[in-house]
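Okay, so here's the structure we're looking at.
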Amino acid sequence: MMDSRELNEIANAIVADNKGVLAADESTGTITKRFDSIGVDSTEENRRAYRNLLFTTPGFEEYVGGVILYDETIRQAADDGTPFPELLVGKGVVPGIKVDTGAQDLAGYPGEKVTEGLDGLRGRFAEYHALGARFSKWRAVITIGDGIPTDACLHVNAHALARYAALSQEAGIVPIVEPEVLMDADNTIERCREVTSETLRLVFDELERQGVALEGMLLKPNMVISGKKCPTQATSSQVAAQTVECFHERVPGTVPGIVFLSGGQSEVEATTNLDAINKRGGPWPLSFSYGRALQASALENWGGDPANVEAGQTAFLHRARMNALAAAGDWSADVEHAVPA
């Protein structure tokens, strides 16, 4: 098992200097939906070409400290034949891997999910480490609704997250623990805080119970935010206040970093809220681990056309820079819309 100090060094490197994480770990099904939206066939080669566009963007490593890969992607290579993990390491970016196998219906609890993938995980970790992964990710999904989440749902997902994290650390791989309270319902921001707080309490109880070294992990949570269908949408200032207060109460200061998920927010909304959160701050780096909120413009500008690779890279680099500024609390609408010199 890797020394917790070594795990801590990896975790710190990922979030150093206001850097964040690019979540490029979309499953084949998910990226097919993204490609469908721009009229591109989701072939293995097109998926490889798109990831190549992202990973070969000049200068993105100034703003991104880690990239989460999918099982297919970690085995692929850049146009020049360099394996993607090796390409990232060469840029000073830590390669990571998504290891859960997805959220499935929780038996006996309609409308709730439990994430699967623990069976055989020790062996998969050994393979992923050999392929170059130095951090991993496991996502638990918590749904807000009528009578849910239940205590059973919160406990079973916290337990799975901790088992995953312990196995990851055993393999010398930093776990990103992702308990996501979904923002799809009509709940208020206050209800989101209540559920997020209880989720985090149980997750950290279980991590401690199972001997996970908190200094050798990262947390990837939702922001405390209004449900998408709530008639009253909280302002970025309210999101920041509720989020920072909630995390001060629940997240130990020994955690090296918190990398927020975007959870379906638009690109600029995710950046605006991250900036507001950092203008308040905390004892940990408060950064980003975004998928769509880093990639939507890049995907649109690329459109599957090799002639548009540079346009896609320009859009991706802009978003990465904006979010790094937000992670420092230095973003503004003026910077967002400034024309590069």
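The values are calculated or read from the model by the stated rules, or taken from the named source; none is laboratory data. Here the structure is a predicted model, which means the values were calculated and not measured. Please note: Cβ atoms are built from the backbone with ideal geometry, for glycine as well, and neighbour counts cover all protein chains shown. Please note that ligands, DNA and RNA were not included when accessible areas were found on the heavy atoms of the full protein model with its side chains. Shrake-Rupley method; radii C 1.70, N 1.55, O 1.52, S 1.80 Å.
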task: Taking ALA307 as the residue in question, decide whether it is without any contact (Cβ under 8 Å) to a residue 24 or more places away in the chain and in a helix (DSSP H, G or I).
output: yes
task: Kindly state which helices (runs of 4 or more DSSP H) lie completely within the stretch 114-230 and contain at least 2 residues that are among the small types (Gly, Ala, Ser) and over 18 Å from the mean Cα position of the chain (by Cα).
output: 121-131, 151-170
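Please state which one of ALA333, ALA320 is among the aliphatic types (A, V, I, L, M) and crowded, with 22+ Cβ neighbours inside 10 Å.
Values: ALA333 fails: crowded, with 22+ Cβ neighbours inside 10 Å.
Going through ALA333, ALA320 in turn, the sole match is ALA320.
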message: Quick check on the stretch 287-316: of everything there that is open to solvent by less than 10 Å² (accessible area, probe 1.4 Å) and among the aliphatic types (A, V, I, L, M), which residue is nearest to GLU245 (Cα to Cα)?
response: ALA293
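Test THR150 against the criterion of being crowded, with 22+ Cβ neighbours inside 10 Å, within 30 Å of PRO231 (Cβ to Cβ) and not small (Gly, Ala, Ser), and give yes or no.
no
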query: Is it fair to say ILE148 is free of Cβ contacts under 8 Å to residues at least 40 places away in the same chain, over 21 Å from GLN265 (Cα atoms), in contact with a Gly (Cβ under 9 Å, 6 or more places away or on another chain) and of a type in the set (Val, Ile, Thr)?
result: yes
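In the list ALA171, ALA213, ALA166, which residue meets the criterion of being within 21 Å of ILE14 (Cα to Cα), touching a His at 6+ places or on another chain (Cβ under 6 Å) and modelled with pLDDT of 95 or more?
After ruling out the rest, the residue left standing is ALA171.
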task: State whether one or more residues within the stretch 21-41 are among the acidic types (Asp, Glu), surrounded by fewer than 16 Cβ atoms within 10 Å (Cβ to Cβ), on the phi < 0 side of the Ramachandran plot and out of contact with any Asp or Glu (no Cβ under 6 Å at 6 or more places or on another chain).
output: yes
